[in-house]
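The values are calculated or read from the model by the stated rules, or taken from the named source; none is laboratory data. What you are looking at is a predicted structure, and each value in this text was computed from that prediction instead of being measured. Quick reminder, even Gly has a Cβ in these numbers, built from the backbone with ideal geometry, and neighbours come from all protein chains shown. Ligands, DNA and RNA are stripped out before the accessible areas are found, and what is left, the full protein with its side chains, is counted by its heavy atoms. Shrake-Rupley method; radii C 1.70, N 1.55, O 1.52, S 1.80 Å.
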Amino acid sequence: MSDSEVSLAGGESTLPSSVPSPELLKLTLAELTEENKEKAVEIKAEANKAFVAHEFKRAADLYTQALDHNPFDATLWCNRAYARIKLEEHGYAHNDASMLLKSNALSMVHLTRRAQCHLQMLKPQLAIGDFKKVLAIEPHNKSIKQQLEATQKLVRRIEFEKAIEREEEMSAALRCLEIIADGGCELDKTYTGPQLPKDATTGKYTITLEFIREMMKLFKDGKALPKRYVWEITLGAYSVFEKEPSLVELILESGRSVDVIGDVHGQYFDVLKLFQLTGEPTETHPLLMNGDLVDRGSWSVEVILTAFAFKWLYPTGMYVNRGNHETKDMNRTYGFEGEAKHKHGEQTYKLFAHVFTAMPLATLISATKPPVLSPRDKTVIIGPDGTRRYFVVHGGLFSKDGVTLDDIKKIERIGQQPGQEGLMCKRTRILIDLLWTDPQDAPGRGPSRRGVGISFGPDVTKRWCTENKVSAIIRSHEVRQDGYTIEHDGLCITVFSAPNYVDQSGNLGAFIRIDDAGTMEFIKFDKQWHPPLKPMHYAQGGLASMLM
């Protein structure tokens, strides 16, 4: 396939996930025949081949078929759990792993799988319990001992950081400005790379397109900026973010178009290809990066600095929504914290973490030209001014009805971490929903296959779009084999922009181009070469292998 491929809305798309775990076994042990067992073994062999080929969704579906024939084969539950971990369906995988409790022979494997799920679901305390049970079975298992120690260390650090944060009164942004004013972050005199210019009148650093281009080349060559420049770029972006509402409005005046980009997850060399296809952001053709710029990929610092630099240079040319990975819980586990500290120190990571909280939660894209509608478009939802408009958010819709665009705009987000427990969850569930939820085929709402948040059905989408006069929801948050999918009768669109996600998914990346009439075009692209550095290279505590 060529590097890029254009396809129009309504094209073929790939189903996002495997089917839910059955609540009841379809067969009783007495009904199980030798023919059932043989068929299950045959399908399992095919599923194993699919898994080795990194066709994880197909593998999960085949394991499901095998379980229909023999739900008493513990290896099938175990294998499907592993396939679902690869699909990031950690809630489903947890359910599968729990089925293995009935098999003493495989309890160690089941407990290890479930521990993986607990880590992915941001519940390390529960993972510790499973690791301890494994060691009770195999007390000399060095790998599990290491994973237990790493998880215990992680939990101790989480508790320590919570205590420290309660004592800190000054934001990381203000602290960095104070350090700069005191002369504590001067430019390294040995640095010979691109020079960030200074304003002739104020003497303060500013930014130019020429600097950004040179910076991107520097990153491509495997080199780094000095810490002072990293702080200036991040603080420059922060000065723009903190003035924006939680719901940003992007109006496409005549001749203006926007490219919506999904998760890129620190895959810098794929981002370079992506920017070749979109072009650099400008006032007439802005870019909107829809969250999850960091974690997983090992060039997350380079990705986020590129986005922040363009945001500082072009406040209305580069838009950036927050994703669920622009949070401390995820950064601590999936590599960005370790990467930022390794490359630029602890205070730099604290600065990034605070600036992430200032990023808007959603963007409302509004066309200005009347849409060109065909007779089959009678059900299209049109905005109050007779044009299309799109609600762009990283995760999705809400665990309750009645949430309005005004409600989102009024969310007080700066300094807030949407953890799984505590004050933030009680204060507003809306923020967690915006970052975490996923669509489902069934109507209504259901448990998340991730084990975090909820899933929302086509009726929920239609009702919300109708009430808020939104033509469609554009979200990211999930791998799509073709780079995008169109679901819920065209009202829910997912775009994912990290091709060959974590170097193993084999998916294409995509982005969406929207013009001033609200017409969408989907552009797909393939993976690019990158230096031999594995995903999550900087993940702390030796847990990277458990989370891949």
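Any idea which residue in segment 180-199 is farthest from Lys227 (Cα to Cα), counting only those that are among the aliphatic types (A, V, I, L, M) and outside any loop (DSSP other than H, G, I, E, B)?
Ala181
Would it be correct to say that Lys145 is free of Cβ contacts under 8 Å to residues at least 40 places away in the same chain and loosely packed, with under 15 Cβ neighbours inside 10 Å?
It is false that Lys145 is free of Cβ contacts under 8 Å to residues at least 40 places away in the same chain and loosely packed, with under 15 Cβ neighbours inside 10 Å.
Within segment 222-271, work out how many residues are among the small types (Gly, Ala, Ser), under 26 Å from Val495 (Cα atoms) and not in a loop (DSSP other than H, G, I, E, B).
Residues that pass the stated criteria total 1.
Please note which strands (runs of 3 or more DSSP E) are completely contained in segment 491-538 and include at least 2 residues that are farther than 28 Å from Lys469 by Cβ and in contact (Cβ under 8 Å) with a residue 12 or more places away in the chain.
Output list reads 520-525.
Do you know which of the residues in segment 113-140 that are over 29 Å from Pro418 (Cβ atoms) and touching a residue at least 12 places away in the same chain (Cβ under 8 Å) is least open to solvent (accessible area, probe 1.4 Å)?
Within segment 113-140, the match that is least open to solvent (accessible area, probe 1.4 Å) is Val134.
Could you check segment 287-302 and list, in sequence order, the residues that are among the hydrophobic types (A, V, I, L, M, F, W, C) and either open to solvent by 10 Å² or more (accessible area, probe 1.4 Å) or over 29 Å from Glu253 (Cα atoms) (or both)?
Scanning segment 287-302 gives Val294, Trp299, Val301.
Every residue in segment 456-478 that is buried (at least 24 other Cβ atoms within 10 Å of the Cβ) and under 26 Å from His118 (Cα atoms), please.
Phe456, Arg475, Ser476, His477
If you check every pair at least six apart or on different chains, which have Cβ atoms under 9 Å apart with a residue in segment 357-383 that is in contact (Cβ under 8 Å) with a residue 12 or more places away in the chain and farther than 22 Å from Gly262 by Cβ first and a residue that is assigned to a helix (DSSP H, G or I) and β-branched (Val, Ile, Thr) second?
Partner pairs satisfying both residue conditions: Ile381/Thr466.
Can you name every one of the helices (runs of 4 or more DSSP H) wholly within segment 41-126 that holds 1 or more residues which are over 23 Å from Glu31 (Cα atoms) and touching an Asp or Glu at 6+ places or on another chain (Cβ under 7 Å)?
74-86, 107-120
What pairs come up if the first residue lies in segment 275-295 and is at positive phi, the second is β-branched (Val, Ile, Thr) and assigned to a loop (DSSP other than H, G, I, E, B), and their beta carbons are under 8 Å apart, counting only those six or more places apart or on different chains?
Between residues of segment 275-295 that are at positive phi and residues that are β-branched (Val, Ile, Thr) and assigned to a loop (DSSP other than H, G, I, E, B), the close pairs are Asp292/Val264.
Need pairs with beta-carbon distance below 6 Å; first residue in contact (Cβ under 8 Å) with a residue 24 or more places away in the chain and within segment 296-307, second in a helix (DSSP H, G or I) and of a type in the set (Ser, Thr, Tyr); sequence gap 6+ or separate chains.
Every condition considered, the pairs that remain are Arg296/Tyr334; Trp299/Tyr268; Glu302/Tyr268; Val303/Tyr268.
Which pairs have Cβ atoms under 6 Å, sit 6 or more apart or on different chains, and link a residue in segment 224-245 that is under 20 Å from Leu209 (Cβ atoms) and aliphatic (A, V, I, L, M) to one that is assigned to a helix (DSSP H, G or I) and open to solvent by 30 Å² or more (accessible area, probe 1.4 Å)?
Every condition considered, the pairs that remain are Ala237/Trp312.
Which ranges mark the strands (runs of 3 or more DSSP E) fully within segment 357-453 that have 2 or more residues being at pLDDT 95 or above, of a type in the set (S, T, N, Q) and open to solvent by less than 40 Å² (accessible area, probe 1.4 Å)?
362-367
Identify, from the list Gly193, Gly266, Gly236, the residue that is farther than 30 Å from Asp329 by Cβ and touching a helix residue (DSSP H, G or I) at 6+ places or on another chain (Cβ under 8 Å).
Gly193
Out of the residues in segment 256-283 that are over 16 Å from Arg213 (Cα atoms) and over 22 Å from the mean Cα position of the chain (by Cα), which is surrounded by the fewest Cβ atoms within 10 Å (Cβ to Cβ)?
Glu283
If you check Ala510 against the conditions, is it under 16 Å from Gly291 (Cα atoms), among the aliphatic types (A, V, I, L, M) and modelled with pLDDT of 95 or more?
Answer is yes for this residue.
Show the residue pairs that are 6+ apart or on different chains and have beta-carbon atoms under 6 Å apart, the first residue being within segment 454-471 and aromatic (Phe, Trp, Tyr), the second being open to solvent by 10 Å² or more (accessible area, probe 1.4 Å).
Final answer for the pair search is Phe456/Arg445.
Table: residues versus (1) farther than 29 Å from Gly345 by Cβ; (2) open to solvent by less than 20 Å² (accessible area, probe 1.4 Å); (3) in contact with a Pro (Cβ under 6 Å, 6 or more places away or on another chain).
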| residue | (1), (2), (3) |
| --- | --- |
| Lys189 | no, no, no |
| Glu214 | no, no, yes |
| Ser254 | yes, no, no |
| His285 | yes, no, no |
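Considering only residues of segment 504-533 that are in contact with a helix residue (DSSP H, G or I) (Cβ under 7 Å, 6 or more places away or on another chain) and over 17 Å from Thr485 (Cβ atoms), which is surrounded by the fewest Cβ atoms within 10 Å (Cβ to Cβ)?
Result: Trp529.
Filter segment 192-212 for residues that are surrounded by 10 or more Cβ atoms within 10 Å (Cβ to Cβ) and either modelled with pLDDT under 95 or in contact with a Ser or Thr (Cβ under 8 Å, 6 or more places away or on another chain) (or both); which is nearest to Leu274 (Cα to Cα)?
Ranking the candidates gives Ile212 first.
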